[in-house]
1. Checking residue 63 against (1) closer than 27 Å to residue 9 by Cα; (2) aliphatic (A, V, I, L, M); (3) part of a loop (DSSP other than H, G, I, E, B), only one condition comes out false. Which one?
2. For region 32-60, enumerate the residues that are in contact with a helix residue (DSSP H, G or I) (Cβ under 8 Å, 6 or more places away or on another chain), in a loop (DSSP other than H, G, I, E, B) and of a type in the set (A, V, I, L, M, F, W, C).
3. Looking at the structure I just gave you, is residue 13 among the aromatic types (Phe, Trp, Tyr), at pLDDT below 90 and either surrounded by 10 or more Cβ atoms within 10 Å (Cβ to Cβ) or in contact with a strand residue (DSSP E or B) (Cβ under 8 Å, 6 or more places away or on another chain) (or both)?
4. With the condition kept exactly as written, say whether any residue in region 80-91 is of a type in the set (Ser, Thr, Tyr), under 11 Å from the mean Cα position of the chain (by Cα) and part of a loop (DSSP other than H, G, I, E, B).
Amino acid sequence: MLAEAVEPGYPSYLNQFFPASDIPPQARELYRRNRIRLISNADYEAAPLVPALHPRTGRPTDLTYASLRSVSPVHLQYMRNMGTLASMSMSILVDDKL
């Protein structure tokens with residue numbers, strides 16, 4: 001059984017489905033590896049990572065497991081289009097697949 005508790009005045013998301021094609025492969029892999037994803041404000045302004053490259057490796061810093069990481073501008077617009085300014089996602093994996 002599926003259920004949803006919604007305060008009056010908020011839209012219901014029960015029985016809405018989001019096809020796998022809505023999530024690009026790179027994002028799907030992040031959801032598989034980092035099972036909790038928080039977006040506190042879809043209207044945030046991204047801050048640059050300083051320094052841009054990891055000082056020891058000279059490569060971009062791996063933020064796969066970072067809680068505070070930027071989100072694709074396309075995804076932020078998707079959220080705003082749905083009227084959602086914050087979200088928390090928890091991945092469900094079966095046999096290591098979303």
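The values are calculated or read from the model by the stated rules, or taken from the named source; none is laboratory data. Please read these numbers as outputs of a predicted model, since none were measured by experiment. A quick note on method: Cβ atoms are made from the backbone with ideal geometry, for glycine too, and the neighbour counts reach across all protein chains shown.
1. Of the numbered conditions (1) closer than 27 Å to residue 9 by Cα; (2) aliphatic (A, V, I, L, M); (3) part of a loop (DSSP other than H, G, I, E, B), the odd one out for residue 63 is (1).
2. 42
3. So residue 13 fits the description; yes.
4. yes
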